[in-house]
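So the structure is just underneath, and the comments pick up after that.
The values are calculated or read from the model by the stated rules, or taken from the named source; none is laboratory data. Bear in mind that the values here come from a model prediction, so they are computed numbers and not experimental data. Using ideal geometry, Cβ is built from the backbone for each residue, glycine included, and neighbour counts are taken over all protein chains shown. To get the accessible areas, we keep the full protein, side chains included, count just its heavy atoms, and leave off ligands, DNA and RNA. Shrake-Rupley method; radii C 1.70, N 1.55, O 1.52, S 1.80 Å.
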Amino acid sequence: TAAQAALDYESGGYTDWYLPSKDELYEMYNTIGNGGSQGNIGGFLNNLYWSSSEHEYSTAWSVDFDNGTIYYYVYKSYTYRVRVIRAF
């Protein structure tokens, strides 16, 4: 799962990575993604990215890094991208 991928991630000797909330993920779009003033310096693909924010039992929030749209009805069984963070 996306949450497990975040928990298992290790980079630079750090193991405290986590899956961002929908608000954190949207802020990433607006600062280091396509919505940022410097463009996509975060290297995001134009695709949906999972957040840690659950909508209902079977759905979660995601952010489309092509245009910044936030979706709440994305079924957890779908496969989308994950970008983990340490601190925001």
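For this structure, a couple of remarks:
- The lone exception for V84 - which of (1) among the hydrophobic types (A, V, I, L, M, F, W, C); (2) over 19 Å from Y9 (Cβ atoms); (3) out of contact with any Ser or Thr (no Cβ under 8 Å at 6 or more places or on another chain) it fails: (2)
- Restricting attention to region 53-68, the residues that are within 15 Å of E24 (Cβ to Cβ) and open to solvent by less than 70 Å² (accessible area, probe 1.4 Å) total 7.
- In summary, S21 fulfils each of the numbered conditions (1) loosely packed, with under 11 Cβ neighbours inside 10 Å; (2) touching a strand residue (DSSP E or B) at 6+ places or on another chain (Cβ under 6 Å); (3) not acidic (D, E) with the single exception of condition (1).
- Hits in region 11-26 (condition: modelled with pLDDT of 95 or more and farther than 11 Å from I85 by Cα): K22, D23, Y26
- Looking only at region 6-15, and only at residues there that are open to solvent by 50 Å² or more (accessible area, probe 1.4 Å) and within 16 Å of the chain's Cα centre (by Cα), the one that is nearest to Y73 (Cα to Cα): L7
- Taking every residue in region 1-20 that is within 21 Å of W61 (Cβ to Cβ) and pairing it with any residue that is among the charged types (D, E, K, R) and open to solvent by 50 Å² or more (accessible area, probe 1.4 Å), at least 6 positions away or on another chain, the pairs with Cβ-Cβ distances below 6 Å are W17/R86.
- Residues of region 32-46 satisfying the condition of being closer than 13 Å to Y80 by Cβ and either modelled with pLDDT under 95 or open to solvent by less than 50 Å² (accessible area, probe 1.4 Å) (or both): F44
- Being at pLDDT 95 or above, open to solvent by less than 30 Å² (accessible area, probe 1.4 Å) and over 16 Å from A6 (Cβ atoms) holds for only one residue in Y71, Y49, Y29, and it is Y29.
- Against the conditions (1) open to solvent by less than 80 Å² (accessible area, probe 1.4 Å); (2) polar (S, T, N, Q); (3) modelled with pLDDT under 95, S77 satisfies every one except (1).
- Set side by side, the residues N34, N30 differ, and just one is closer than 16 Å to D64 by Cα and in a loop (DSSP other than H, G, I, E, B), which is N34.
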